[in-house]
Amino acid sequence: MSKIYDVAIIGAGPAGLAAGLYAARARMNVVILEKNATGGQIVTTDEVANYPGSIPEATGPSLIARMVEQCNEFGAEFMKKGVKEVDFDNQIKELILEDDSVLKAKVIIIATGAKPRKTGAPGEIELIGKGVSYCATCDADFFTDMEVYCIGGGDTAVEEAMYLSKFASKVTLVHRRDELRAAKSIQEKAFKNEKIDFIWDSVVKEISGDGIVEQLVLTNKKTGEDMVIDAPEEFGTFGIFIFIGFMPNSELFTDKVEMERGYIVTSPDMKTNVDGVFAAGDIRVKSLRQVVTATADGAIAAVQAEHYITNNF
Ligand code: NAP
């Protein structure tokens, strides 16, 4: 008979790693599946100032590296494979992996997180990695002494604009309204930053260029007028960093668990509407998506998984 894990966790971001750590520490047989790089979105962040107790030097990657270390210390298994299908119909759950192998577990914890939202403007996808980016930590360095445009008005856009200002000669934040969504404390710092300019009431109409970003066209929503921004001759290009929120990675679970607008509905105990299936972190319906709430979700899901196994197997 093939191996049956106690807990299979899908996703190795903060929620999945916290669940892995708690479940392994409770001596359960745990596997953490991840098709991409370990760590989720937080590894794209340079500064983790609001995770309670984090040391001042903490970065997304350093925090994740320590979480992985803790999972390993307690004996969680890591598997670098994607899941292509799930079967939650029976008491033993099945995950069909990308190599067609089947992984069985008594409990599944879904911690697949979210991905950056796209503007949908023509040229955006074609020019990803060629001037269009969703990660300042990853790509800021490429734009040292160059101009960059940041799209969005939330905490992420404003914080990342400030980070980019350490590299770029000038950062222009483009927001679709005339007021930022970001927390006032974050806004204040950005308004004081002499390298950051603002373009209000504007959205991205088109991004273009021959293999590299050369032009950005914005439309002013109030006047309907277009603004064409061409790359300065000196560099022939500039950066466009897009930070307009996130989309849940939940396609795999459509019609398998209850969802709202693509996010998984859970009880406060992280239970989905399917027995033995839990969800944790950014993937679930919740009011605050942060590392601290993701790790808390993961811990709760793992403890509840243990109760579920004790009562049902
Ligand atoms: P967000 O709060 O959802 O903000 C998204 C921003 O993008 C908004 O300003 C929105 O405009 C704009 N936007 C959305 N769709 C757009 C489109 N199609 N075209 C142009 N603009 C568009 O996302 P976020 O800033 O990534 O933050 C996500 C969550 O993480 C939030 O809860 C946030 O508080 C949290 N966060 C916290 C921190 C921190 O505490 N230090 C740091 C980063 C993120 P409107 O304002 O007009 O809706």
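Here is how the numbers come out for the structure above:
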| quantity | calculated |
| --- | --- |
| Accessible surface, per residue, of the chain when the full set of protein chains is kept, probe 1.4 Å, Å² | 49 |
| Length added when fully stretched, VAL265-THR144, from 0.36 nm per residue minus Cα-Cα | 39.3 nm |
| In sequence order, calculated HN-Hα J values of the range 50-60 (Karplus, 6.51, -1.76, 1.60; Hz; x Gly/Pro) | 10, 8, x, x, 5, 5, x, 7, 4, 10, x |
| GLN187/LYS222 FRET efficiency (R0 22 Å; Cβ-Cβ; nearest 0.05) | 0.60 |
| Under Karplus coefficients 6.51, -1.76 and 1.60, residue-wise ³J(HN,Hα) of the range 184-199 in Hz, glycine/proline x | 4, 4, 6, 4, 4, 5, 5, 5, 7, 7, 5, 7, 9, 10, 10, 10 |
| Selection from ALA26, THR293, MET259 lying farthest towards where the dipole of the chain points positive, charges on Cβ | ALA26 |
| Dipole magnitude (debye, nearest 20) for the chain, charges at Cβ of Lys, Arg, Asp, Glu | 1020 |
| Spatial separation of Cα centroids for the range 35-64 and the range 274-307, in angstrom | 18 |
| Paramagnetic reach from PHE235 in the range 163-196 [backbone N under 20 Å; point 7 Å along Cα→Cβ] | 163-175, 193-196 |
| Taking only Cα atoms of the range 132-242, radius of gyration then Dmax in Å | 13.2, 40 |
| Free-standing Cys, the chain [no other Cys Cβ under 4.7 Å] | CYS71, CYS150 |
| Share of carbon and sulfur in the accessible heavy-atom surface of the range 132-242 [1.4 Å probe, %] | 46 |
| Between helix 291-312 and the chain: long-axis angle, C-alpha atoms, 0 to 90°, nearest 10 | 20 |
| Ratio of Rg to Rh over the range 8-148 (Cα coordinates, Kirkwood Rh, two decimals) | 1.04 |
| Solvent exposure, largest accessible area first (probe 1.4 Å, DNA, RNA and ligands not counted), of VAL228, VAL171 | VAL228, VAL171 |
| HN-Hα J in Hz across the range 112-128 - Karplus 6.51, -1.76, 1.60, θ = phi - 60°, x for Gly and Pro | 8, x, 9, 10, x, 6, 9, 6, x, 6, x, x, 4, 5, 4, 9, 5 |
| P(r) histogram, all alpha-carbon pairs of the chain included - 20 Å bins from 0, percent | 31, 50, 18, 0 |
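The values are calculated or read from the model by the stated rules, or taken from the named source; none is laboratory data. These numbers were taken from a predicted model, which means no experiment stands behind them. A quick note on method: Cβ atoms are made from the backbone with ideal geometry, for glycine too, and the neighbour counts reach across all protein chains shown. The area values use the complete protein model at the heavy-atom level, side chains included, leaving out ligands, DNA and RNA. Shrake-Rupley method; radii C 1.70, N 1.55, O 1.52, S 1.80 Å.
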